[in-house]
Every structure is written in C-alpha cells, then in structure tokens.
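Input: a single structure, listed below in structure tokens.
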Amino acid sequence: MIDADVVTLSRLQFALTALYHFLFVPLTLGLSWLLAIMESVYVMAGRDIWKRMTQYWGVLFGINFAMGVATGVTMEFQFGTNWAYYSHYVGDVFGTPLALEGLMAFFLEATFIGLFFFGWERLSRVQHLAVTWLLALGTNLSALWILVANGWMQFPVGTEFNLDTMRMEVTSFAAVLFNPVAQAKFVHTVAAGYVMGSIFVLSISAWYLLRGRNIAMAKRSMAVAASFGLACSISVVVLGDESGYLDGENQKMKVASIEAEWNTARAPASFTLFGFPDVAARKTHAAIKIPWMLGLIATRSTDQPVLGIYDLVARARSRIVLGMEAYSALQVLRSGPAESPDAAALQRFEANQADLGYALLLLRFTDKPAAATPQQIDAAAWSTVPNVPVLFWSFRVMVGLGLFFIALFATAFYLATRHRFDRNPWFLKLAFFSLPLPWIAVELGWIVAEYGRQPWAVDGVLPTFLGVSRTAAGNVWFSLIGFAVFYSALAAVDAFLLTRTIRRGPDGLGYTP
Amino acid sequence: MNANHHPRAVSWFTSRAGRRYNMQLAWVVLAKLVALTILYYAFIAPQPRTDITPTAMQRHLLDATATSGESHDRR
C-alpha cells in the first residue's frame, strides 16, 4: 500500500537533508579554488603572507568540509531506507555515478585534505601546491558525479526499461555521462559555489577591514575574491541561461511553471518579470512582461512559441493515453511466460513504452490505470503541473540575487584595482551584509530544479509517490525528527566554530607574518 | 668508511612519533568499524526491508489490488 503520509514525510526528509547539505557543499567548492589560487601566488611570488592566507582560509574550509561530509552521508542512506522502489527502478543508472561520487569524495578529497593540513612542513612548496590543486579537483569531481545522477533524473537518456527485471537499465553510459542537462547543471552549480566562496572571503575580509585588523591579508583576500567572483558570477548567469534553454527543450512544464505561463506564448514570447500567479483561477494577475525575452531564453529564437501549461497538460493527457497501452501490454507480458512472450503485447509495449511513466501517474487516482476514466486521466494530466507560485518566486529571487552578485563583484574589482577598499566603508558594509545572500540563492536554485521536476522522481519515467519504500509513517517521523535535531546541533557547532575562528582571525591564530 | 656518506632520509612515519600516530590511526579505524557494526546489528538489521524483487515491483506497479493506494488524491 502506498501511504500518502510516508510519501510526504519521505520527501520532506530528503528535502530537509538535501537543503541542509547544500549549505556546506558550495562553500567547499568555492573555497577549494580560492585556496589553490592563493597558494599558487605564494609559490610563484615566494611571499609568506600568501602562505598564511592559504592556511587561514584553509582552516575555515576544513571546518566546513567536515560538517558537509557528515550531512551528505545521510542522504545516500535514504535511498535505501526511504526510497527502496526508486533505488531498484533506477538503481542501475543512478548507482554508478553515486558510487563514483562517494569514491571521489571520500578517497580523493579526504586523502588530499589530510595532506593539505598536515603536509605544510613535510612536503615541498610545489608538492603542497599540487596537493591543493588536486584537493580542489577532487572536490569538484565529486560534485560532477552527483550532478550526472541528478541530470539523469531531470532528463533521462541512455536507458531503457527491462521487462524481466522491472527496472530501467543503462544502454549507454556515455549518454548518461555526457547528458547535456547534467553538464549544464554541473557547470552552473559549481560556478554558484565559486560565487559563494568568493562572497564568503569578500565579506569576512571586509569585516576585518572595518575593524582595522589583518589589513594586508584582508586586502589581498578581497582582491582575489573580487576577480575570481566577478568571473564566476558572470559565468553563473550565462550557464544558468544555458540551463534554462535546455529546460525549454526538455522540461517544458518546468519552464511554463517558472513563468506562470498558463497559455501558450506566441512568438516572440515575452518574459514575465513580475506578477501574481493564481493557481485556483489558472492565470497570472498584474503581469509585467519584457517583450521577446522568454523566446530568447527558452528557444533561442524570436519566431517560436513557448508552450503554456494548458497545452502541456493536453500533451500529458495524450501521453497518459499512450502510456495506458504500454501499461496494459506490460500486464499481459508479466502474467505470461517469459520465454515465449505474447507477440502482440510485446509490439504494443515497445511502441508505447516511452509513455509508460505517464500511465503510472494514474496510480494516484485509480487502482486500474489501464481502464482509467476520462476524469482520472484529466486529474493525472493536471498533476504534472508543479507548484507554480513557489517556482515563479524562487526563480525570480534567485536571478535577482545573481545579478546583484555581478554588480557587487564588479564594484569590488574596480575598488581593488584602484586600491580603494579602505576609503569606501559603505562598500565594506555592503560586502559584509551580503554574506547570507549566496546561500539563499543556491537553496532557491535547488528548489527551482527539484520542486520544478515534480510530480516526477525521474522525469517522465517514475512518479515520486511510487519511489518510496513500504515503511511505517512512524519510522519516517522518527528519522525526520532525529535528523532535524541532529542537524540543528551540527549547524550550531558549525556556526560556533566558524564564528570563533573568524573572530580570532589570522592574527589571533598566529597566521600573521 | 666513506667520510662523505650521507645519512639515508628517514620517513617521519617510521619515527617514534610517526609510529605512535600510525597506531592511533589504526585504533580509531578499528573503533569506528566496531561502532558501525554494533549500530548496524542493533538498529538497522532488525528493521523489515522493502521487497524489491522483479515480482515485488510487478505487484507494486502493475497489480492493482496490491498497489491500491491509500493516497488521499485517490478519487
């Protein structure tokens, strides 16, 4: 029996742990390259201050890394405990990148992070620099694999359904690895992490300058963060645009929901800058539109329409009907002998198997999907629409913050080239108070990506509610509360350690030359 | 004896401190393995596991009565 409470609680638990885990990951990604840049300057210029800078920011990197690893492990366990059907149905695809992510994260990163901290006195300058670059590389490679897995959930390629094992199996690992959605997500996500790392360094350095402490180190740190952050913040927006274009190609419902575009937008499609999506009335009130922009983002053209929610629901309705054919054929095939399958049923299944997932949506509304009524088909078709207001606002706040980061780093870069940080306390205050903003932006980014994929666990293949394990709601309540308490404790420890280290500063920790 | 003989470079890991470090590391790894084993047998092993054989997947996805949902969306 599929228990709706278990579905909701399991989703809530995964969302909680994933959003919490991603408080740490992007900072690790960003700081790893900043450490590599600072140490490279040290090795090339031979000035001790750059070594001290690397060591000091390395301490903050280490605290964050330790907490991030601890929070990531629980997510992988949940695939087994809470998402057993999901794990079986797509495990052949999902398992390999997840295992490689674990190997990269634990073996490569953990090895080099040990050498990074304990190798300063035991390795030569160049050897230690190589360690730091490999640490950054390992950190980013582990992100690559998890985003390959996630990219496949957004745009499943290189796989097909196996009748005998009742699951999706890999037909081309290269297609899974080089999935364009996965690659676009990877570069967009890691670039967002680089922006976070840069703002972290910029903000804390600004705080030191405002306090008149560690001036030489803070100015150099700000200069590195400003230049790296400017390049990365521009990259995030450009790569996010590429991600948006691929969504326009492959996840049209997500784009229509982000835009609250209920009716198909005729070419050249306008972008809704602002408005109030009304789910009950299925329209957007007081919409302010920018001509042509949506067409350029979603189709890279001014002569193609962008499909609206009504038309996409109609398309889903057609796919459900085709999926019902595949579903009933599969029932026939599974009830007959495997060695001599019913030829007509096999042909019917093969012709419609691409839409099997759409028929599975009907299981929310009827016990017999193959004999669903028009009302049930209609309800299943409308269930393919994600939460429009959440996506609409999350996307706009995320993009607004992304544009603000470009302006922040451009100003910082200008001031760095003019050596004017200490003459502009307003900017130092702005930089310091910007510290929480990248976290808000990246969390909203994940909400857009994952909430926008609903009702699918794997787009068009497996509905989320069919992926959960058969377990008691009480068990999930127990683990959910346990995670919330444990993670809150970890957050408190992390905040305490980071704050204490920042307050003590490079001078207090003996990193001042 | 050759007066120009250079003493062979000694790895830190074979020094007294290094050997103590190695021993501590081995104990930590061992303690973690024991703790994880105890946790597994105490809390995880006794839990019922979801059946994910192909037949179970067939029941889950295709056999209507078995999958009859308790979903509140069911109409």
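Quick check: is even one residue across segment B:38-60 farther than 28 Å from A:VAL468 by Cβ, part of a helix (DSSP H, G or I) and modelled with pLDDT of 80 or more?
Initial filter on segment B:38-60 (farther than 28 Å from A:VAL468 by Cβ): B:38.
Applying the additional criterion that residues be part of a helix (DSSP H, G or I) yields B:38.
Then drop every residue that is not modelled with pLDDT of 80 or more, which leaves B:38.
Yes, segment B:38-60 has at least one match.
Is it the case that some residue within segment A:385-401 is more than 27 Å from A:ILE258 (Cα to Cα) and more than 14 Å from chain B (Cβ to nearest Cβ)? No: zero hits. Kindly establish whether B:PRO46 is open to solvent by 80 Å² or more (accessible area, probe 1.4 Å) and within 13 Å of another protein chain (Cβ to nearest Cβ). Considered against the rule, which asks whether it is open to solvent by 80 Å² or more (accessible area, probe 1.4 Å) and within 13 Å of another protein chain (Cβ to nearest Cβ), B:PRO46 comes out as yes.
Does at least one position in segment A:127-139 carry a residue that is under 21 Å from the mean Cα position of the chain (by Cα) and aliphatic (A, V, I, L, M)? I'd like the intermediate steps shown before the answer.
From segment A:127-139, those under 21 Å from the mean Cα position of the chain (by Cα) are A:136-139; that's our starting set.
With aliphatic (A, V, I, L, M) added as a condition, the list becomes A:136-137.
Looking through segment A:127-139, at least one residue is under 21 Å from the mean Cα position of the chain (by Cα) and aliphatic (A, V, I, L, M).
Among the helices (runs of 4 or more DSSP H) lying completely within segment A:357-467, list those that include at least 3 residues that are open to solvent by less than 10 Å² (accessible area, probe 1.4 Å).
Of the helices (runs of 4 or more DSSP H) lying wholly inside segment A:357-467, those with at least 3 residues that are open to solvent by less than 10 Å² (accessible area, probe 1.4 Å) span A:388-417, A:425-433.
For (1) part of a loop (DSSP other than H, G, I, E, B); (2) not aromatic (Phe, Trp, Tyr), each residue gets a yes or a no:
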{"site": "A:SER221", "(1), (2)": "no, yes"}
{"site": "A:ILE234", "(1), (2)": "no, yes"}
{"site": "A:VAL237", "(1), (2)": "no, yes"}
{"site": "A:GLU242", "(1), (2)": "no, yes"}
{"site": "A:ALA256", "(1), (2)": "no, yes"}
{"site": "A:ALA260", "(1), (2)": "yes, yes"}
{"site": "A:PHE274", "(1), (2)": "no, no"}
{"site": "A:ALA281", "(1), (2)": "yes, yes"}
{"site": "A:HIS285", "(1), (2)": "no, yes"}
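Just so you know, in segment A:451-489 the residues that are farther than 26 Å from B:ASP63 by Cβ and of a type in the set (Ser, Thr, Tyr) include one that is nearest to the other protein chains (Cβ to nearest Cβ), and it is A:SER479.
Taking segment A:112-155 as the region of interest, how many residues are assigned to a loop (DSSP other than H, G, I, E, B) and closer than 19 Å to A:HIS188 by Cβ?
So the first thing to find is which residues in segment A:112-155 are assigned to a loop (DSSP other than H, G, I, E, B), and the list is A:119-124, A:155.
Within this subset, residues satisfying the condition of being closer than 19 Å to A:HIS188 by Cβ are A:155.
Going through segment A:112-155 one residue at a time, the tally reaches 1.
Residue count for segment A:98-116 satisfying the condition of being more than 20 Å from the chain's Cα centre (by Cα), modelled with pLDDT of 85 or more and buried (at least 16 other Cβ atoms within 10 Å of the Cβ): 4.
Look at segment A:184-196: where a residue is over 16 Å from A:PHE155 (Cα atoms) and free of Cβ contacts under 8 Å to residues at least 12 places away in the same chain, no partner that is of a type in the set (A, V, I, L, M) and open to solvent by 10 Å² or more (accessible area, probe 1.4 Å) sits 6+ places away or on another chain with Cβ atoms under 6 Å.
Looking for whichever is modelled with pLDDT under 80, open to solvent by 90 Å² or more (accessible area, probe 1.4 Å) and more than 30 Å from A:ALA372 (Cα to Cα) here; the options are B:MET1, B:MET23. Which one fits?
Details: B:MET23 fails: modelled with pLDDT under 80.
It is B:MET1.
Taking the conditions exactly as written (touching an Asp or Glu at 6+ places or on another chain (Cβ under 9 Å) and without any contact (Cβ under 8 Å) to a residue 24 or more places away in the chain), does A:THR171 satisfy them or not? Break it down stepwise before answering.
Values: touching an Asp or Glu at 6+ places or on another chain (Cβ under 9 Å): yes; without any contact (Cβ under 8 Å) to a residue 24 or more places away in the chain: yes.
Against the criterion (touching an Asp or Glu at 6+ places or on another chain (Cβ under 9 Å) and without any contact (Cβ under 8 Å) to a residue 24 or more places away in the chain), A:THR171 qualifies.
Pick out the one residue from A:THR81, A:THR139, A:THR96 that is in contact with a helix residue (DSSP H, G or I) (Cβ under 6 Å, 6 or more places away or on another chain), polar (S, T, N, Q) and touching a residue at least 40 places away in the same chain (Cβ under 8 Å).
Working: A:THR81 fails: in contact with a helix residue (DSSP H, G or I) (Cβ under 6 Å, 6 or more places away or on another chain); A:THR96 fails: in contact with a helix residue (DSSP H, G or I) (Cβ under 6 Å, 6 or more places away or on another chain).
Selected residue: A:THR139, the only one of A:THR81, A:THR139, A:THR96 that is in contact with a helix residue (DSSP H, G or I) (Cβ under 6 Å, 6 or more places away or on another chain), polar (S, T, N, Q) and touching a residue at least 40 places away in the same chain (Cβ under 8 Å).
The values are calculated or read from the model by the stated rules, or taken from the named source; none is laboratory data. Source: prediction; values computed, not measured. Here the Cβ is made from the backbone with ideal geometry for all residues, glycine too, and neighbour counts use every protein chain on show. Note: accessible area is taken over every heavy atom of the protein model, side chains too, but ligands, DNA and RNA are not part of it. Shrake-Rupley method; radii C 1.70, N 1.55, O 1.52, S 1.80 Å.
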